[in-house]
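Notes follow the structure.
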Amino acid sequence: MHRRRALIDDLKNQLLLAGHFGAGVWNTRLQPKTNSYPCVTLFAESETVTHTTMHPAPRGQLRTLNISVNAWYRGAVDIEKPETDMDAGALLIEQTLRKPVAAADLQLTGSEYREADDDPELFIVALSYQISYQATEYNPQ
């Protein structure tokens, strides 16, 4: 398993163990196919790599993994409830997530609040995180 996947799985397990998102926590960039909310999806957006040495393989790398953690909420009759739900969900995620064991650092870098593209009663708060970690490149191409 790539270390990137292990780091994402660590965050997923933290959210599952917290128990705040009873409908589920999934490692996917797709909209959840469920009628039960709230739920969370998380996935890798991108990753940057900086070589810590110019020697041939194996050589050290410092990697920065950009992750999106999305809490999904179904709207209600009260027009303010989605806003309250999204704020509460963001707070729960921020209070729950800790630096994975194999990581050097975990930082919240931003958040975005929006409606789902195809469903005006489905709301998402997307939190962006960066995870820094060390890796070794064994087979440069």
message: I need the full set of residues from segment 106-141 which are within 16 Å of Leu65 (Cα to Cα), loosely packed, with under 13 Cβ neighbours inside 10 Å and under 14 Å from the mean Cα position of the chain (by Cα), in order please.
response: Gln107, Thr109, Gly110
message: Just to verify a result, which residue in segment 39-56, among those that are assigned to a loop (DSSP other than H, G, I, E, B) and hydroxyl-bearing (Ser, Thr, Tyr), is modelled with the lowest pLDDT?
response: Thr53
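For the subset of segment 57-75 comprising residues that are part of a loop (DSSP other than H, G, I, E, B) and in contact with a Pro (Cβ under 7 Å, 6 or more places away or on another chain), which member is surrounded by the most Cβ atoms within 10 Å (Cβ to Cβ)? Reasoning before the result, please.
Let us first name the residues in segment 57-75 that are part of a loop (DSSP other than H, G, I, E, B), namely 57-58, 75.
From what's left, in contact with a Pro (Cβ under 7 Å, 6 or more places away or on another chain): 57, 75.
Working: Ala57: 9, Gly75: 17.
By that ranking, first place goes to Gly75.
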task: Within segment 37-57, work out how many residues are more than 23 Å from Asp105 (Cβ to Cβ) and more than 20 Å from the chain's Cα centre (by Cα).
output: 4
- line: Of the conditions (1) surrounded by 13 or more Cβ atoms within 10 Å (Cβ to Cβ); (2) under 20 Å from Pro120 (Cα atoms); (3) among the hydrophobic types (A, V, I, L, M, F, W, C), the single one that Ile79 does not satisfy is (1)
message: If I filter segment 63-101 down to residues being of a type in the set (Lys, Arg) and within 13 Å of the chain's Cα centre (by Cα), which single residue comes out as nearest to Leu15 (Cα to Cα)?
response: Arg98
- prompt: So which pairs qualify, if the first residue must be in segment 9-38 and assigned to a loop (DSSP other than H, G, I, E, B), the second must be of a type in the set (Lys, Arg), the Cβ gap must be under 6 Å, and the two must be at least 6 apart or on different chains?
  reply: Asn27/Lys12; Tyr37/Arg74
- request: Examine segment 28-44 for a residue that is loosely packed, with under 12 Cβ neighbours inside 10 Å and among the basic types (Lys, Arg), and state whether such a residue exists.
  value: yes
- prompt: For Gln95, which of the numbered conditions (1) touching a helix residue (DSSP H, G or I) at 6+ places or on another chain (Cβ under 9 Å); (2) surrounded by 15 or more Cβ atoms within 10 Å (Cβ to Cβ); (3) not acidic (Asp, Glu) fails to hold?
  reply: (2)
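The values are calculated or read from the model by the stated rules, or taken from the named source; none is laboratory data. Because the structure is predicted, anything quoted here is derived from the model rather than measured. Note that we place each Cβ from the backbone using ideal geometry, even for glycine, and neighbour counts take in every protein chain shown.
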